1. Only four residue types carry charge here, +1 at the Cβ of Lys and Arg and -1 at the Cβ of Asp and Glu. Report the dipole size of segment 209-323 about the Cα centre in Debye, rounded to the nearest 20.
2. Putting +1 on Lys and Arg Cβ atoms and -1 on Asp and Glu Cβ atoms, find which of THR335, VAL278, PHE173 reaches farthest to the positive end of the dipole of the chain.
3. If you take every DSSP beta bridge fully contained in segment 39-154, what fraction is antiparallel? Give it as a percent rounded to 5.
4. Ranked highest first by average number of other Cβ atoms within 10 Å, how do 368-380, 162-174 line up?
5. Name the shape class, rounded, prolate or oblate, that the alpha-carbon gyration tensor gives for the chain, where a ≥ b ≥ c are the square roots of its eigenvalues, rounded holds for a/c under 1.5, and otherwise prolate holds if a/b is larger than b/c and oblate otherwise.
6. Might you report the magnitude of the Cβ-based charge dipole of segment 305-389 about its Cα centre, with Lys and Arg at +1 and Asp and Glu at -1, to the nearest 20 debye?
7. For the chain, what does the accessible surface come to per residue with a 1.4 Å probe? Please give it in Å².
8. Taking the DSSP beta bridges in segment 91-203 as the whole, what percent of them are antiparallel, to the nearest 5?
Amino acid sequence: MKMPFVDLAGQYQRIEKSVRARIDAVLAHGKYIMGPEVAELEAELAAFCGARFAVSCSSGTDALLLPLMAWGIGPGDAVFVPPFSFFATAEVVSLLGATPVFVDVDPVTFCMDAEQLAKAIRAVQQNDPAIHPLPSLPEGQMLRPRAVIPVDLFGIPASYEQILPLAEEHGLFVLEDAAQSFGASADGRRACGLGCSASATSFFPSKPLGCYGDGGAVFTDDPELDQVLRSLRIHGKGRDKYDNVRVGLNGRMDTVQAAVLLAKLAIFEDELAERQRVADTYTRQLAGLSGVVIPSVPVSRNSAWAQYSLLCDDRDGLVAALNSAGIPTAIYYSTTLPQLKVYESLRYRAEDFPVAQGLTSRIVSLPMHPYLDDESVTEVCDTIISFLS
Ligand SMILES: *Cc1c(COP(=O)(O)O)cnc(C)c1O
């Protein structure tokens, strides 16, 4: 296919000089682990999103795992997660021996539905699956609500204005999964700076801000959590990594990746504006078409446009039409998390999360990146329009 889904080569053409200069500097000083670029990046990331502390780490998955470890999440704990996300959101919960309690998503934003969350909390507290679907557990086991991980799906921040007060009321930690939303905003504040207990983002190459390998970061305003996160990412270090005070990870970000991110952060604001241009161009041409539903971003929020995703009843027909015109597409996600084989033992039913389940057969994502020109967007839209007519 001639049109790329994400154009990292086009981006590299633009930033080749600065990326090479940044990497050359690392090769010259040779501090490949925790070199000076790591602290420089952390300061810039924190300033960018308005969080007090930024702790870089080895991936978005580790960025989700680290705060849960710091809070001591484990067996017997319920962690509320949406059923419509990448597996990592629930995987980190299971890895720690805690139980994911899935909460259906909002049909407009595809992010966690706060009213369903309120019900799910009550269902766990009263151990009553009549209030909200609950996982099947060994006889006699009960769960304690401990944390919620809302996901800013496709780049749109979840409804924290509803979720944060609810979490406060029930003493839950809120961990924002901002893997797809770095650069987004809500009520004038940036994702990862929205007042959650902690936020996690990913710098996987295809995310809005990506490095040239794996990388991630955790954000918080809590100085104690910041210190524990810094310990956990280096083998639970105390004074140094040979003074181990807790069980941690080898979860550092490579200096080379921090160097790449510093070069990319310099053009990130401009790239976000370009993503918005692409989204606006799609929306202008597709609005009002019968047969597809276009993304709808609540007025008080801005998307980072990790994806521009449509809903279409004949999704598979649309994908075939686009692909045969040389236009790549992606399906995020074709299965809800509770229906994955790994969660068979929790015995959730497909009908438990009707909104998420309905999305899996209708969702399709179109090419989206800052270097997509208006002619290419028009080509995609024309192909969709002729398919629908
Ligand atoms: C990409 C992604 C992750 C995981 O990030 P990695 O850097 O690949 O580990 C977690 N959650 C969501 C919603 C993601 O899209």
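1. 280 debye
2. Value computed over the given set: PHE173.
3. 10 percent
4. Numbers: 368-380: 18.3, 162-174: 16.7.
Going from most to least packed, we get 368-380, 162-174.
5. Oblate, since a/c reaches 1.5 and b/c is not below a/b.
6. That gives segment 305-389 a dipole magnitude of about 520 debye.
7. Working: 15940 Å² over 389 residues.
Accessible surface, normalised per residue, equals 41 Å².
8. Working: 3 of 9 bridges.
Of all bridge pairs located within segment 91-203, approximately 35 percent are antiparallel.
The values are calculated or read from the model by the stated rules, or taken from the named source; none is laboratory data. What you see is a predicted model; the values in this text were computed from it and never measured. Here Cβ is always computed from backbone atoms with ideal geometry, including for glycine, and neighbour counts include all displayed protein chains. Accessible surface is based on the protein model in full, side chains and every heavy atom, while ligands, DNA and RNA are left aside. Shrake-Rupley method; radii C 1.70, N 1.55, O 1.52, S 1.80 Å.
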